[in-house]
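Scroll down for the structure; my scribbles are underneath it.
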Amino acid sequence: MALLDLIKFPTERDYSLTGPEAQRAIDNGLAGAEWYRTPIDRKTMKALMRRSDGPALRDTALWFALLALTAAGGVAFWGSWWAVPFFLAYGVLYGSAADSRWHECGHRTAFKTVWMNDVVYQIASFMMMRNPVVWRWSHTRHHTDTIIVGRDPEISGMRPPQLIVIGLNLFGLVSAPQSFAALARNAMGRLSPEEADFVPESERPKAYWIARAHMAIYAATLAACLAMGSILPAMLIGLPRLYGTWLLLVLGLPQHLGLAEDVLDHRLNARTVLMNPVLRFLYWNMNYHMEHHMYPMVPYHALPRLHEAVKHDCPPPSPSLYAAWREIVPCVLRQLRDPHHFIRPQLPEGAGAARQSPPLAAE
Amino acid sequence: MPAIDACALDDIEEEDLIRFDHGGKTYAIYRMFGEEVFCTDGLCTHEQVHLEDGLVMDYVIECPRHNGRFDIRTGAAKGAPACIDLATYPARVEAGRVIVELPA
């Protein structure tokens, strides 16, 4: 961690879950608070929440097929430059697309059938090098206290944003070693103080055992590499978390980057970005991120309909990924000089009043 | 436990629930199909979010905040983040009214 501190910009606020900001958030009524939601009538909401296996079965079959095809191509052409495009595609399908499968199946909304969610969740967690138990609880907290400093363990864009770390993480150079170290720690039967803040006692033995299973698979992969005298097995298992994760950052960082901290309104701290069908397949519609936070019960395949149902009450979405980054880059560069700067989305006329936190409302 | 006339059966759609407040506590009353009704505590045992906006599907209520799931027949929590069972209460239909037995 000390090494990591050498490349981090100092932040005014303590983003850890065990520092003074955690108590401040509780004292300010920001922890476990009531959040703004655009009203939707019950009949419409029930239709939006309705579960189905069909879309996720289709998309998962396609995902696995593409993984298998690109892996087969990479193996077949291993040793020649022809393997490169196959591994580029395989890496993105593994190290980027698995994140959205992890996410949707973690909510258990992707499939109607619960075990299907759980199977894909376990596979995707492994691919993303995440402990499925720890990260389920981490993400639960992220939904309770979204971008509440001292409470949310999934704030990726601090103020100022850690641009060197973000840059290195385009190839997982910080996040993957951190994830691997966390798995190793869990496998030894320990949680970090941060993890202990959100993983209940009753869940911890499960976290330790699944970490051991993950470590066993990595050990087997390493053994295969040694036996073959080749990194090819690791190119298929483990390394894609490095070389294929760049698209996840490009798609995922706009979720919250540059937006408000410590507000109780997802319209102010989450961003919806319109994307083309290919990216929406890779990202399983997580680009409708504000809507997802407002109504996490709605499965990914219904998020475009949810977007239509609430857009009259919400800031206009970024019309493209390019537009989102054009908004974000100047903001984060200014935050290097002025960490109090952030983007304030404009709510449409007639929208419900923004739910600000007490300190922001007093500004 | 006293029997309480909570609502008309038709006040609840099939495979749905309503909130019912009584005696300073809040409950959830569910209707599956026909006259099959159930009653549980109204707040999710995970973070005390009311279940009234949740999804009822195959005898399971799913919390609207974190997707914690409970069997509405037994109150059994069906996996993280729901780890503590919901309390359940007897419920029945009499002459088109939903009768629930709640603590005095």
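Every number here is computed from the coordinates shown, using simple stated rules; none is lab data. All values derive from a computational prediction rather than experimental measurement. With ideal geometry, Cβ positions are generated from the backbone for all residues, glycine too; neighbour counts draw on all protein chains shown.
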> Under a straight-distance cross-link criterion of Cα-Cα below 30 Å, which lysines are reachable from B:Lys25, leaving out those fewer than 8 residues away in the same chain?
Replying inline: A:Lys43, A:Lys46, B:Lys78
>> Using only the alpha carbons of the protein assembly as shown, what is the convex hull's orientation-averaged projected area in square nanometres?
In response: 24.0 nm²
> What is the diffusion coefficient of segment A:125-248 in µm²/s, taking the Kirkwood radius over Cα pairs and the Stokes-Einstein relation at 20 °C with a viscosity of 1.002 mPa s?
Replying inline: 137 µm²/s
> What trypsin sites (Lys or Arg not before Pro) in segment A:30-126 are in a loop by DSSP, with at most 15 other Cβ atoms within 10 Å of the Cβ?
Replying inline: A:Arg50
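Which of the helices in chain A meet the span-like rule: DSSP H, Cα axial reach of 15 Å or more, Kyte-Doolittle mean at least -1.0?
On the way: long enough: A:54-76 (33 Å, 1.11); A:83-95 (17 Å, 1.55); A:114-127 (20 Å, 0.86); A:132-144 (18 Å, -1.22); A:175-187 (18 Å, 0.07); A:204-228 (36 Å, 0.69); A:321-337 (25 Å, 0.36).
In chain A, the long hydrophobic H runs are A:54-76, A:83-95, A:114-127, A:175-187, A:204-228, A:321-337.
Quote the relative contact order of chain B in percent (integer), defining contacts as alpha-carbon pairs under 8 Å separated by 6+ residues.
Relative CO of chain B lands at 30 percent.
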>> Using the Cα centre of segment B:3-96 as origin and beta-carbon charges of +1 (Lys, Arg) and -1 (Asp, Glu), tell me which of B:Pro81, B:Cys44, B:Gly23 is placed farthest towards the positive end of the dipole.
In response: B:Pro81
>> So in the protein assembly as shown, which Cys have no other cysteine's beta-carbon sitting under 4.7 angstrom from theirs?
In response: A:Cys105, A:Cys225, A:Cys314, A:Cys331, B:Cys7, B:Cys39, B:Cys83
> Taking the alpha carbon gyration tensor of segment A:210-276, what are the square roots of 5 times its eigenvalues, largest first, to the nearest whole Å?
Replying inline: 39, 15, 8
> segment B:3-96: D in µm²/s via Stokes-Einstein (Kirkwood Rh, Cα pairs, 20 °C, 1.002 mPa s)?
Replying inline: 165 µm²/s
